[in-house]
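Visitor: Next up is a structure, given as structure tokens.
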Amino acid sequence: MLAALASLLVGGSTAYLPLAPAVRVCTHQRPAVASPTRTASAAMGVLDQVSEAIRGGGEQASDSKSDPKTAAFTAANDRTVMAYTERVARINDLEDEIEALEDEALAAKTAEFRKRLAAGETEEELLEEAFAVVREAAWRTLDLRHYDVQLVGAMALNDGKLAQMGTGEGKTLVATGAVYLNALSGKGAMVVTVNDYLARRDAEGMGQVYAFLGLSVGLVQSGSDTAARREAYASDVTYVTNSELGFDYLRDNLAVTAEEVVLRRELNYCVVDEGDSVLIDEARVPLIISGKTDAPVDKFGAASKLAAVLERGIHYDVFEKEQTVSLTDKGTRDCEKALAVGDLYEPTNPWASYVSNALKAKELFVKERSYLVQGGEAVIIDEFSGRVMEGRRWGDGLHQAVEAKEGLTVQPETEVVASVTYQSLFRRFRKLSSMSGTALSEAEEFATIYGLDVVDVPPVLPSLRSDIPDSVFKTTRGKSNAALAELLSLRRSGRPILVGTTSVEASQVFSDKLTELGVKHEVLSAAPEAAQREAEVVAQAGREGSVTISTNMAGRGTDILLGGNPAFMARLYLRTAFAAAAGLSGVTPPRDGFFPRAVSEEAEAAVGRAAARFAQSRAAAAADDDAEGHERAELAAPDEGCSPWHFRGGFPERRLLAVAASSAAVFEESVEDEAREALEAVGEEFAEELAPEKERVLQAGGLHVIGTNLHDSRRIDGQLRGRAGRQGDPGSTHFFLSLEDRIFRLFGGDKIKGLLDFMRISEDQPLESGQVQRVVEETQAKVLAVQREDTYRTRAAVLRGSADEVLDTLAAHAAGTASDILKSNLDASGAEATLAKLQQFFPAVPLTAADLEGDGAEERAHAAVQEALRAKAAELDSVRPGLAVESGRFLALTQTDTLWKAHMKAMGYVKDFAGLKAYSGTDPIQVYREEGLRLYEAMQTSLRQNTAFSFFQYQPRSKGA
């Protein structure tokens, strides 16, 4: 809350603190769209001429291939992949020998490897034989064989690198080689995913490979108890989400007895899936364990009512780019009058933070985009995955402000008991590696922060996806109409369509339009009714002529197979039959028409026998008090896979459907054998029925992705695009944007819209120029590189600086903040108002209004601020020697990381907008550079003001508190 207040205090030149979250080449033609009008064609000609002038001018934008850094990365990457490929050849040479081993002999290789490690061999020396063993085990248990390039990815993971692999390239299977090899030491290996669904799916699927080879497998879920967690972390291989791991680490450090500790003493090896999301997007936002306070909550309600009547542009300004608000002078006066207080910022009766949060809740946090109201609570929607984040709350009173806005029961405020960032947590592992489909753009950050070099792993097959240049329309209506027209046109040809939106609300609006048109479709969003059928919907999004709307596609974890997924359909068919036979509730049958055909009498008979055997086995287990819950868990998600082996972490020993779907050995005429026979019979019939459909979808051009807006994270846009063209399949993508979209509104889209009105370009005419977009992207890489180096250099100086250097940094921030306040207020508002502003940042500053009048006022103010800084440092050091430097270093680093994350997001917006400036005759490269410089200077201003404010407001608790 401390730094957030700084955005309201400076006045005039406001400091902005961004809100922290709680948590190729194609041979296919472009889809047909309306022909451009003559006016629009002329406009596009002007735009392309501008871009040509930019390229041909005195300051050319270099081709990415000729950029020295890009060329160096490509050369180094090629050398790395070539070295790995040579080792793959040696692994392939071992295949016949390993294939000849009986199951027992293959499993015994694990004990042999462990003996060899104990005798002095290294993991590196075992790698080729161990990978050959894992490949064979995966084939025998899962019917999956690692491609050569998947072994390349596994070697990158073993070397502590980040393997970039596209969507659908099998990253889940890739991890098994590196995880197995690093688990042989007995020190444990973790696979960290972004949600419980993926952790459970991967543990129960890939876990069969490890269990076959004699390794124990653990799974930590949000509902796991302490004993289950301890047992899971003690396993050879542990699957867990990033948030559960982080909170377990915090709880361990708050434990008062050894029995409360769940993690191993040393963290050995870790593979982080979706590394760009976890290690970059979420890494700088700390995980916090908090305790409730007895602070009153009535102020949130009063502030919410006040915010509802305040007028934007009169009482306050909204800065969407910076995600903050600022009260105007009139707004401050009217708030003080309405609340009957003399000063909103009075330390003994503070109202500023309550009003600020109420305005943010009103303007920046939109229902069904930022959160849902569910069960009488405001539940946060994860901006990266589109899922709800159960149990998460925004800090600094923001969540309470949202609750007050929605008329919900306002929960008490909390105070921090312990916190850690993912950045800090994952650097504690002896060896860290990661996987991602969109990491190259942040390669320098991965290398600088984590020491993770990015390896671009080649795809199994060349990509055939066509990425159509973004189409920008004058109005939202024009954009929506064009997107709908393209959807209807391509659907008639039989192509499946995936529509990506950025909010639950936008998904519902698009769904309503399709419903009006009589178009059958499915919706995926954070809404509970949609989330329950998520895997079912995604797995079938490749059916002929299907239409699927999704809020976000990041971390969905289920591939879209062209023509549908017969294996999934078969498992769902059996699940429904088993539930009916056993009288289980809570198993939702699929919608009508989901299955491609009625099964034959022979197959139905096999299903009936298996269902009857399942019902008998359930009845036999009825003596167990929790049998019903146990068996329902077996049926809850057949798509996720299960295991015949015991999973540490409280999971059932037998998961019938997954055993049936695997290649695991089962007893003849057992319930597992019956289930496998039924599954194969139904699966074969469904596959035969769907084969012609798959061929038609391939011939039509594959999956087409329509984007209706840009996400805050462009990597999510990349993940949406990556759903098309999976593993050499054909596909295409097309994003439809509007000058009324938030991203363009932030950067003056209304001015370009006015120019287009003057040129009489209709609202349904798209504006496109891939050439300008390429030029701006090349410039973005250069500008961000310079800013990144400067930021990292400054950060490193604070991190590694001596005590005196840290104090000097604080002194510079304090002096800069004082200058900002004096410049904004002294001449405009007078000495009294300026003194009040200074006292809000520096409470004990030894200064009077008279000191701010006449010659030498600025010198006296600066001297007083430095004196206040020395006094504050002495106050902190009296609590504990060195606390001033420790807290100052922490605050400066935290602010640097938070603001840099927001800056990169804002620069992404600028890149998308700059190309459109060509319509007004403005050089888009110059626009990008100027706007980028302005944003970077604003970031530096926020850094000094937020750090200074937070340092002076920091009040450490005494030991007895």
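The values are calculated or read from the model by the stated rules, or taken from the named source; none is laboratory data. Keep in mind that what you see is a predicted model, and the values were worked out from it rather than measured. When we count neighbours, we look across all protein chains shown, and the Cβ atoms used for this are built from the backbone with ideal geometry, even at glycine. Surface areas here come from the heavy atoms of the whole protein model, side chains and all, with no ligands, DNA or RNA. Shrake-Rupley method; radii C 1.70, N 1.55, O 1.52, S 1.80 Å.
Visitor: Quick one: count up the residues across the stretch 345-361 that are under 26 Å from the mean Cα position of the chain (by Cα) and surrounded by fewer than 21 Cβ atoms within 10 Å (Cβ to Cβ).
Guide: So the answer is 0.
Visitor: Could I ask something else about it? Tally time: how many residues in the stretch 383-417 are more than 19 Å from V366 (Cβ to Cβ) and modelled with pLDDT under 75?
Guide: Within the stretch 383-417, residues that are more than 19 Å from V366 (Cβ to Cβ) and modelled with pLDDT under 75 number 7.
Visitor: Could you tell me how many of the residues in the stretch 319-344 are open to solvent by less than 50 Å² (accessible area, probe 1.4 Å), within 26 Å of G830 (Cα to Cα) and not acidic (D, E)?
Guide: Residues that pass the stated criteria total 10.
Visitor: What residue, among those in the stretch 143-169 that are among the charged types (D, E, K, R) and open to solvent by 20 Å² or more (accessible area, probe 1.4 Å), is nearest to D453 (Cα to Cα)? Don't jump to the end; show me each part of the working.
Guide: Narrowing the stretch 143-169 to residues among the charged types (D, E, K, R): 143, 145, 148, 159, 161, 169.
Now restrict to residues that are open to solvent by 20 Å² or more (accessible area, probe 1.4 Å): 143, 145, 148, 159, 161.
Details: D143: 32, R145: 27, D148: 21, D159: 10, K161: 5 Å.
Here the residue is K161.
Visitor: What single numbered condition from (1) at pLDDT below 80; (2) open to solvent by less than 20 Å² (accessible area, probe 1.4 Å) fails to hold for Q532?
Guide: Result: Q532 passes all but (2).
Visitor: Continuing with the same structure: Pairs needed: first member in the stretch 817-829, of a type in the set (D, E, K, R); second member anywhere, at pLDDT below 90; C-beta distance under 8 Å; at least 6 residues apart or different chains.
Guide: If the second residue must be at pLDDT below 90, the pairs left are D820/V10; D820/S13; D820/A15; K823/G12; K823/S13.
Visitor: Is there a residue being open to solvent by 20 Å² or more (accessible area, probe 1.4 Å) and outside any helix (DSSP H, G or I) anywhere in the stretch 246-255?
Guide: Scanning the stretch 246-255 turns up at least one residue that is open to solvent by 20 Å² or more (accessible area, probe 1.4 Å) and outside any helix (DSSP H, G or I).
Visitor: Filter the stretch 226-258 down to residues that are among the small types (G, A, S) and modelled with pLDDT of 90 or more and give me whichever is nearest to the chain's Cα centre (by Cα).
Guide: Filtering the stretch 226-258 for residues among the small types (G, A, S) gives 227-228, 232, 234-235, 243, 246, 255, 258.
From what's left, modelled with pLDDT of 90 or more: 227-228, 232, 234-235, 246.
Values: A227: 30, A228: 27, A232: 25, A234: 28, S235: 28, G246: 16 Å.
Among those that are among the small types (G, A, S) and modelled with pLDDT of 90 or more, it is G246.
Visitor: Additional query: From (1) open to solvent by less than 50 Å² (accessible area, probe 1.4 Å); (2) more than 23 Å from the chain's Cα centre (by Cα), pick out the condition that doesn't hold for V402.
Guide: V402 satisfies all of (1) open to solvent by less than 50 Å² (accessible area, probe 1.4 Å); (2) more than 23 Å from the chain's Cα centre (by Cα) except (2).
Visitor: With respect to the numbered conditions (1) over 14 Å from E685 (Cα atoms); (2) in a loop (DSSP other than H, G, I, E, B); (3) at pLDDT 85 or above, which one is the sole condition not fulfilled by F578?
Guide: Looking at each condition in turn, F578 falls short on (2).
Visitor: I'd like to verify a number: residues in the stretch 772-802 that are open to solvent by 50 Å² or more (accessible area, probe 1.4 Å) and at pLDDT 85 or above, how many?
Guide: 5
Yes or no, residue by residue, for (1) closer than 17 Å to T548 by Cβ; (2) open to solvent by 20 Å² or more (accessible area, probe 1.4 Å); (3) modelled with pLDDT of 85 or more:
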| residue | (1), (2), (3) |
| --- | --- |
| R696 | no, yes, yes |
| H704 | yes, no, yes |
| Q719 | yes, yes, no |
| A724 | yes, no, yes |
| Q727 | no, yes, no |
| P730 | no, no, yes |
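Visitor: With T515, T501 as the choices, which residue is under 19 Å from the mean Cα position of the chain (by Cα) and modelled with pLDDT of 85 or more? Can you show your working first?
Guide: Working: T515 fails: under 19 Å from the mean Cα position of the chain (by Cα).
One residue alone meets the criteria, T501.
Yes/no matrix, rows are residues, columns are (1) open to solvent by less than 10 Å² (accessible area, probe 1.4 Å); (2) out of contact with any Cys (no Cβ under 9 Å at 6 or more places or on another chain); (3) modelled with pLDDT of 95 or more; (4) over 24 Å from G246 (Cα atoms):
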| residue | (1), (2), (3), (4) |
| --- | --- |
| T141 | yes, yes, no, yes |
| K171 | no, yes, no, no |
| A175 | yes, yes, yes, no |
| A203 | yes, yes, no, no |
| S224 | no, yes, no, no |
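Visitor: Mind checking which residues of the stretch 421-438 are closer than 20 Å to T172 by Cβ, modelled with pLDDT of 80 or more and under 17 Å from the mean Cα position of the chain (by Cα)?
Guide: Hits for the stretch 421-438 are F426, S434, M435, S436, G437.
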